[in-house]
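These notes concern the structure reproduced below.
The values are calculated or read from the model by the stated rules, or taken from the named source; none is laboratory data. Just so it is clear, the structure is predicted and the values come from calculations on it, not from any experiment. Neighbour counts run over all protein chains shown; Cβ positions are idealised from the backbone, glycine included. Surface areas here come from the heavy atoms of the whole protein model, side chains and all, with no ligands, DNA or RNA. Shrake-Rupley method; radii C 1.70, N 1.55, O 1.52, S 1.80 Å.
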Number of protein chains: 2
Amino acid sequence: MVDVSTTSSRPIAGLDEVRELAQQLRVDSIRCSTEAGSGHPTSSMSAADLLAVLAARHLRYDWEHPEEPANDHLIFSKGHASPLLYAVYKAVGAISDEELMTGYRRFGSRLEGHPTPELPWVDVATGSLGQGLPDGVGIALAGKYLDELPFRVWVLCGDSEMAEGSMWEALDKASYYHLSNLVAIVDVNRLGQRGPTELSWDLDAYERRVRAFGARPLQVNGHDIAAIDAALADAGSGSGDGPTVVLARTRKGRGFSEVEDREDWHGKPLPAELAARAIVELGGERHLTVSGPAPELSGRPPRPDRGAAEVELPRYALGASVATRKAYGETLAALGARRDVVAMDGEVSNSTYAELFAKAHPERYFEMFISEQQLVAAAVGFGVRGYVPFASTFAAFFTRAYDFLRMAAISRANIRLAGSHAGVEIGADGPSQMALEDLAMLRAVHGSTVLCPSDATSTAALVQAIADRDGVIYVRTTRGAYPVLYEASEKFAIGGSKVLRSTTRDQVTLIGAGLTLHECLAAADTLERDGIAARVIDLYSIKPLDVQTLIAAARDTGRFVLVEDHHPEGGLASAVLEGLAETGTIELSVASLAVREMPGSGTTRELLSAARIAAPQIADAARSLLAAATEETSG
Amino acid sequence: MVDVSTTSSRPIAGLDEVRELAQQLRVDSIRCSTEAGSGHPTSSMSAADLLAVLAARHLRYDWEHPEEPANDHLIFSKGHASPLLYAVYKAVGAISDEELMTGYRRFGSRLEGHPTPELPWVDVATGSLGQGLPDGVGIALAGKYLDELPFRVWVLCGDSEMAEGSMWEALDKASYYHLSNLVAIVDVNRLGQRGPTELSWDLDAYERRVRAFGARPLQVNGHDIAAIDAALADAGSGSGDGPTVVLARTRKGRGFSEVEDREDWHGKPLPAELAARAIVELGGERHLTVSGPAPELSGRPPRPDRGAAEVELPRYALGASVATRKAYGETLAALGARRDVVAMDGEVSNSTYAELFAKAHPERYFEMFISEQQLVAAAVGFGVRGYVPFASTFAAFFTRAYDFLRMAAISRANIRLAGSHAGVEIGADGPSQMALEDLAMLRAVHGSTVLCPSDATSTAALVQAIADRDGVIYVRTTRGAYPVLYEASEKFAIGGSKVLRSTTRDQVTLIGAGLTLHECLAAADTLERDGIAARVIDLYSIKPLDVQTLIAAARDTGRFVLVEDHHPEGGLASAVLEGLAETGTIELSVASLAVREMPGSGTTRELLSAARIAAPQIADAARSLLAAATEETSG
């Protein structure tokens, strides 16, 4: 037998050793999940032979240097098979048996129930099915078109998750972009959580679908080590014009006769006694370590080169009419001087103005067509490779990718989203195109940044600022052109705000962002003619929030009119109230103006008025707050 | 020429007349969009021949009785082709030429930029691509399995939207359920918004994909009236074992040489002069009216029969430990005595307990596997047919369908969603499975209802109540079992709350829902031992909100501790603050306890403590609010 006791310059394991390794992976999947009292051992056992062959003989990975840019990528799209993934980590010496046994699913441990990048070898969090493959498409795009490194992206997929449309968005884009560096391995064990899958073991049906979507299918018996070895060698060769999908016929719980291919064993650890019998049947515990092949072309610089070019932001003349979506596109094109900036769009780049980047930097622009889940996943994938991705579409259509945004946060991904055409502002197209939930949706994402600039100058400054900011970042832009409010030299901090009108005798504060700020300014003018001094705040940073400025305004004026082109729940008003609540006390008279009825079509002005978020209604709301106070005083 | 001046018992139009009709549809699409100054005439013109043949010769529809249950259904999945749809409505006499010309895209008109059910002939709102076909699957499921009526569901699809994964979820389910009553007509005009589509005119590529997904493809020249007629006759025959997809090769802007098959004409009305030339080239204005075939088996009762059976709710003993997800399943199974109740689930019915319904009423249970977009769309479709749909999955995975939820509101759909396994409560599975954004997401849906019951009795009562409630309704259930708090006779109003602890000397109010209510109760016990009287409110109805009870509590105690197993943005705390803000004034000391850091795995108790939403921390927060007040008084 080959000596496998050292980790460096070991020979590649032979097939007999791989067979032993596969049994070890099964045993360890059982051991750690039984010890934890939860987990998915049977979903791990079906894919153990596949992973044993992959890890021992095909995955080019320097386990001591997960940051090595030339490493292959390994993604468990079926994230619930985490026992198998962690058993592989043990087998390559990345974690100890002790960590596996005491850490799995434990509080404070990095070996979470589903993989997250708390582990240095994990690129993206998985566990919501149908996301690992789309994320892998983004990584493979970076590898093929930007890094130009020969790494491969291997994605272990479940058969159940092939029912998610996002998997087909991924294969579609992978074939469109000729991603021969992408290999999906589908563990067709025919059993989902509650029973058989739609297609069971009909591998021919999977093959027809995969082939029709432009991928190269390879059918294999997922428990025949030699056959798997041949299939993975072929799959990883980069031959063919697009991605390869290895369709592996497997049996859930493979290797332990009491659970193998049985229903009702999904997501259940084996009770201790059963686990003991399983381990005996699997040939007992083993502690083999193996090392796969080394990465090709290793030792190159670890990150995309930012490039030396200076970014020269567009400048806008005070008072000029500019749509903030246009300012977004112009700024993005300017940022493209940095060679780490990449952009993508969901087939509306002539509306979002991402087309300006596409024209200036075609080599770093990726059209994702109408598939918003893949759009966001591609951004996550570019982020994994160290790029600075910007993804854009209509603000409303990011709702299509909310599960991906939520998971992006768990992936600790750094991605930037620009949503245009938000709110009733868009006018005649009607409610299907109006984002009226986007601020609520994005605010609730952990660690997110939510920006809603009101003019071109602030848009340019903020879009530049987010290029160097972490997390899931969202910028809402306006469809219409509105006056530039700020000199080009003005600074805009994320988490800041601007007080645009202020006197020592302010009686009320009007707060807006985007178009509603312009309405607030107009309302303040009206009120001033009536002798009412109104403070006006440009709340361009919805999250994080400039609580200090709000506290000062609450103290000085005692009255807030909050105005947003958004449904009343979870948006700007909510952010302000939550922010003040964080101080421990709220004392405030407040009117919240938002879109409370279902809008239809119309002009922007008609719809603003109908929603009661236009300047006259803002002024009315302010007067009502003042009248209520007078009444109270005199009453 | 056939006399087409009357609407009743007219003969079916011949092909020559259909050719004329197609030109009329083009001319009207141009006229109304030019008049409106916006819209998508070229996307209408490509599909005009298809719709002329369909409306005149195949669509079985009684236009005077859109409520007729035997009518075929016509859905424009490519909702931006609304000019064409409305031109069809004019051609069948449903709307006047005047309404078309003065109403299209105008404020207050029912002829919105994208179709909505403000029009009696529209089943579902479209305009977010990739939704009409999944919605159609739900309608076809109802037709085949429940209504047992021979109506067909015709869905006009764009080629661009075939990039949305949801379209493939739809075809997958349509073939799985053998929906031979469903016909998708794909208008392959090769041009998207900003340029060519991925597959251009490669109809063979579409055919391979469609066939692989179990549908019957029919290729046709989309401008050959006779060929279309033959294809639609075949498609609508119900022959074959599954859905039919008519792949029509067309030219965008067909019929006007200055725009036909040209880029940069998406979503743009023709300027008046160009429109005039186009109308000349198309042979001038026409005002034909046609009437297609009558529905088969018309005159049956219009709605699903609710059935006479009495619903007997499950009853739970006070203090017994019951997971609210289990109470959901038991109540749903009981509600199944009503023959209008249908249920579906995303392959986790043994976790959500929808399996109890599936076992009791298998004929009204539909497994949607792991495709949450199709899950929600199926519910919308059942609702179109008058059923009372309940859809369930893990709460986190409804984020996958947020665009569908948003559009369901615009569709005025009545659907009920149950999300289990929310928050850190779920424990070891980790953050990918923890809904921490669901309350924010669902609250922001227009007209939604958001419920978070804390015990089995209230769950049963509320699940029964929502069966007769309109809109998008969401119930969050607990994974774990917690004590039953209420007698079976207790009443629970939607929009209500329960005050579980109350004295005349309450110094602070603790507010929770779901698991956090139990933590609030435990905290109140602790505080009582310290001599601090705490009011406790079960805020089971997050939207609508019981503002009166909150106002009373704010007045009586002046201090709120708000506790939620959710991110701090947009959830329970936000709802309370927004609700109080609606009264015009907030004066309150407040502590908001929510999940502020990214959780990992662990036990429920470990994770509650780490998130600082467990009883001891609630008690601490209450004490801090009291101490701050004392300080202020003494300071």
Determine which single condition residue A:468 fails, assuming it passes every other condition in (1) under 23 Å from residue A:343 (Cβ atoms); (2) open to solvent by less than 10 Å² (accessible area, probe 1.4 Å). (2)
So which residues in the range A:586-607 are open to solvent by 10 Å² or more (accessible area, probe 1.4 Å), part of a loop (DSSP other than H, G, I, E, B), facing chain B (nearest Cβ under 7 Å) and touching a Leu at 6+ places or on another chain (Cβ under 9 Å), if there are any at all? A:600
Quick one: which residue in A:94, A:55 is in contact (Cβ under 8 Å) with a residue 12 or more places away in the chain, in contact with a Leu (Cβ under 9 Å, 6 or more places away or on another chain) and closer than 16 Å to residue A:296 by Cα? A:55
Report every pair of residues separated by at least 6 positions or lying on different chains whose Cβ atoms are under 7 Å apart, first residue within the range A:205-234 and more than 14 Å from chain B (Cβ to nearest Cβ) and free of Cβ contacts under 8 Å to residues at least 12 places away in the same chain, second crowded, with 18+ Cβ neighbours inside 10 Å and outside any helix (DSSP H, G or I). A:227/A:220
Take the conditions more than 9 Å from chain A (Cβ to nearest Cβ), open to solvent by 20 Å² or more (accessible area, probe 1.4 Å) and outside any helix (DSSP H, G or I) and apply them to residue B:612. Does it pass? yes
Within the range A:147-187, can you find the residues that are touching an Asp or Glu at 6+ places or on another chain (Cβ under 8 Å), closer than 20 Å to residue B:370 by Cβ and among the charged types (D, E, K, R)? A:159, A:164, A:169, A:172, A:187
Looking at this structure, is residue A:396 surrounded by fewer than 24 Cβ atoms within 10 Å (Cβ to Cβ), within 22 Å of residue A:165 (Cα to Cα) and in contact with a His (Cβ under 8 Å, 6 or more places away or on another chain)? no
Could you go through the range B:544-552 and let me know if any residue there is free of Cβ contacts under 8 Å to residues at least 60 places away in the same chain and within 13 Å of chain A (Cβ to nearest Cβ). yes
Of all residues in the range B:556-580, how many are within 9 Å of another protein chain (Cβ to nearest Cβ) and surrounded by fewer than 24 Cβ atoms within 10 Å (Cβ to Cβ)? 1
Could you tell me which numbered condition residue A:404 fails, if it satisfies all but one of (1) open to solvent by less than 10 Å² (accessible area, probe 1.4 Å); (2) touching a Lys or Arg at 6+ places or on another chain (Cβ under 8 Å); (3) within 11 Å of another protein chain (Cβ to nearest Cβ)? (2)
Do we have any residue at all in the range A:528-535 that's β-branched (Val, Ile, Thr) and assigned to a helix (DSSP H, G or I)? no
Restrict the check to the range A:179-191 and report whether at least one residue is in contact with a strand residue (DSSP E or B) (Cβ under 7 Å, 6 or more places away or on another chain) and open to solvent by 10 Å² or more (accessible area, probe 1.4 Å). yes
Which numbered condition trips up residue A:501, out of (1) open to solvent by 30 Å² or more (accessible area, probe 1.4 Å); (2) touching a residue at least 40 places away in the same chain (Cβ under 8 Å)? (2)
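For (1) out of contact with any Cys (no Cβ under 9 Å at 6 or more places or on another chain); (2) closer than 21 Å to residue A:125 by Cβ; (3) aliphatic (A, V, I, L, M), each residue gets a yes or a no:
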{"residue": "A:145", "(1), (2), (3)": "yes, no, no"}
{"residue": "A:156", "(1), (2), (3)": "yes, yes, yes"}
{"residue": "A:161", "(1), (2), (3)": "yes, yes, no"}
{"residue": "A:169", "(1), (2), (3)": "yes, yes, no"}
{"residue": "A:173", "(1), (2), (3)": "yes, yes, no"}
Counted residues, the range A:536-553 - those being touching a Leu at 6+ places or on another chain (Cβ under 9 Å), buried (at least 21 other Cβ atoms within 10 Å of the Cβ) and part of a helix (DSSP H, G or I): 1
Using the structure shown, decide if residue A:242 is surrounded by 22 or more Cβ atoms within 10 Å (Cβ to Cβ), touching a Leu at 6+ places or on another chain (Cβ under 9 Å) and part of a loop (DSSP other than H, G, I, E, B). no
Check B:583, B:630 and return the single one that is outside any loop (DSSP other than H, G, I, E, B) and either under 30 Å from residue A:411 (Cα atoms) or more than 7 Å from chain A (Cβ to nearest Cβ) (or both). B:630
Restricting the search to the range A:107-158, which residues are in a loop (DSSP other than H, G, I, E, B), of a type in the set (Asp, Glu) and surrounded by 24 or more Cβ atoms within 10 Å (Cβ to Cβ)? A:112, A:123
Any idea which of (1) closer than 25 Å to residue B:95 by Cβ; (2) surrounded by fewer than 20 Cβ atoms within 10 Å (Cβ to Cβ); (3) of a type in the set (A, V, I, L, M, F, W, C) is the one residue B:226 doesn't satisfy? (1)
Please go through the range A:298-316 and give me each residue that is over 30 Å from residue A:463 (Cβ atoms) and surrounded by 14 or more Cβ atoms within 10 Å (Cβ to Cβ), ordered by number. A:298
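Residue-wise test of (1) within 14 Å of chain A (Cβ to nearest Cβ); (2) closer than 30 Å to residue A:350 by Cα; (3) not small (Gly, Ala, Ser).
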site	(1), (2), (3)
B:153	no, no, yes
B:169	yes, yes, yes
B:188	no, yes, yes
B:202	yes, yes, yes
B:239	no, no, no
Does any residue of the range A:325-341 turn out to be touching a residue at least 60 places away in the same chain (Cβ under 8 Å), surrounded by fewer than 20 Cβ atoms within 10 Å (Cβ to Cβ) and not aliphatic (A, V, I, L, M)? no
